C-alpha cells in the first residue's frame, strides 16, 4: 500500500512537470500578481471652472476601467492595471502646484494635466524637475509645449484645425465673406486666434472685427452690439464652453443675426449644445467637435461610451473623451518604450509614426512651430448642425 502511494505521488509530480514544460502559461508570469500603474489627473474639482469640465473628472475611473477591460498594459512581461488618481487644482495656479506636488510625493510619474493653461504652466517647473511626463487633453496654444519644457505633450492641438475647418467652411458656405471673431479674453487663446485669422485671410475672407469678451459671462449683448455693427456674414467663436456657446448663439439670433456660427475648436458636446439652445436657433452651427452618436465614430469610442454611461449614469459627451485620449496616448508611450522611465517614453512619443487616438491614427509633431514634436496631429472631427437640429459628422483629413 505504501509503495502504491509513492508511485501515485511520483506520477502526479511527473504530470505537473510535463505540463509546465509544454505550457509556459502555467509557470512564472501566469501566476505573477497583476500590478497597478497610477496615472495622475490634475483638474478643477472645485472653483469656478469645475462645473464646465466636470465630465473630464467623472471620466477618470471609467477610462481606467475601460483600458483594464482591454487588458491594461504589459511592460517587460509584467501586466499592469491602470488607476487614475485625481487631484483638485481648485481652478487656480497655486492649487495646481499643490495638487501636482502631492502626486509627485506619491511617486506618480505620468499626469494628465489641466486644460486651462495658467494652471498647467504653474505646475510645469515642478513636473520638469521631477521628470514627470504630463499630457494635456486639449489646448489652442502651441508655444506652451516647447522648450524649455521637455516632458509636456498635448493630445489635441486645435491650432492645426484652422486650415482644414476653413477648407470645409468655404465649400459649405460660399456666400460667406465677412467674418467676425469673438473669443474669451484669455492670453492663452492668442495662438489659436492668430492662426484662425491667418487662415480666414488665406481663404480669401475678411475679418471685420476681432472682439474679446470677459469670462465668465452670460451677457454677450455688449460684445454682439459691436459685432453686429460690422454686418458680418458669419461669427467665428474659436472655442467656448457650453454656457458661453448658448449665450453667443441665442443672443446673436435674438439680435437678428441669421448667418452661420463657427468654431475652429469647439462649442461643446453636440448633444448637450443642441439640448441647451432654443430649437429655433439651432442651425448653421459648425465646429471641430465629434458627434458621438454618429455611425462614423470609431468603434473604440462607442465602446468607451457604454462604459461611461454604465458607470456614471451620465450621457456620454466629448469631455469624457478628452480624459480617455490623454490616458491612451500616455499608455501607448509606456508600452512601446517598455519602460516607466519618462525619458524613454518621451523619446518614443516624439518619434512614433502611428499613435492611436479616438479620431484615428496620428503622431506628435509641431517641430516647425515650437522646435520640438509635442503636438498631436490627426484628422479633425467636424460637425455641422443644420435646421431642425440635424447633424452631419465627418473627419477632415489632415496631411500628417
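The values are calculated or read from the model by the stated rules, or taken from the named source; none is laboratory data. None of these values were measured; they are calculated from a predicted model. Reconstructed Cβ throughout: ideal geometry from the backbone, glycine too, with neighbour counts over all protein chains shown.
Can you say whether residue 366 is in contact with a strand residue (DSSP E or B) (Cβ under 8 Å, 6 or more places away or on another chain) and more than 26 Å from residue 72 (Cα to Cα), as far as the supplied structure shows?
Values: in contact with a strand residue (DSSP E or B) (Cβ under 8 Å, 6 or more places away or on another chain): yes; more than 26 Å from residue 72 (Cα to Cα): yes.
Here the answer is yes, as residue 366 does meet what is asked.
In region 91-106, what residues are touching a residue at least 60 places away in the same chain (Cβ under 8 Å) and loosely packed, with under 15 Cβ neighbours inside 10 Å? Walk me through it before giving the result.
Narrowing region 91-106 to residues touching a residue at least 60 places away in the same chain (Cβ under 8 Å): 100, 103, 106.
Across region 91-106, the qualifying residue is only 106.
So which helices (runs of 4 or more DSSP H) stay within region 190-287 end to end and still have 2 or more residues that are crowded, with 18+ Cβ neighbours inside 10 Å, in contact with a helix residue (DSSP H, G or I) (Cβ under 6 Å, 6 or more places away or on another chain) and outside the structural domain of residue 387 (by TED's automatic domain parsing)?
Working: elements: 190-202, 221-229, 242-254, 270-276.
Fully inside region 190-287 and qualifying: nothing.
If I filter region 122-147 down to residues being farther than 16 Å from residue 373 by Cβ and modelled with pLDDT under 95, which single residue comes out as nearest to the chain's Cα centre (by Cα)?
138
Any residue at all in region 68-90 that is over 23 Å from residue 302 (Cα atoms) and free of Cβ contacts under 8 Å to residues at least 24 places away in the same chain?
Initial filter on region 68-90 (over 23 Å from residue 302 (Cα atoms)): 74-80, 85-90.
If we keep only those that are free of Cβ contacts under 8 Å to residues at least 24 places away in the same chain too, we end up with none.
Looking through region 68-90, none of the residues is over 23 Å from residue 302 (Cα atoms) and free of Cβ contacts under 8 Å to residues at least 24 places away in the same chain.
Is there a residue in region 345-356 that is crowded, with 24+ Cβ neighbours inside 10 Å, modelled with pLDDT of 95 or more, in contact with a strand residue (DSSP E or B) (Cβ under 8 Å, 6 or more places away or on another chain) and closer than 30 Å to residue 231 by Cβ?
Within region 345-356 (the criterion being crowded, with 24+ Cβ neighbours inside 10 Å, modelled with pLDDT of 95 or more, in contact with a strand residue (DSSP E or B) (Cβ under 8 Å, 6 or more places away or on another chain) and closer than 30 Å to residue 231 by Cβ), the answer is no, since none of the residues qualifies.
Return a yes/no flag: does region 172-186 have any residue that is within 30 Å of residue 126 (Cα to Cα) and not in a strand (DSSP E or B). Can you show your working first?
The initial filter retains those residues of region 172-186 that are within 30 Å of residue 126 (Cα to Cα), namely 184-186.
Okay, now just the ones that are also not in a strand (DSSP E or B), so 185-186.
Scanning region 172-186 turns up at least one residue that is within 30 Å of residue 126 (Cα to Cα) and not in a strand (DSSP E or B).
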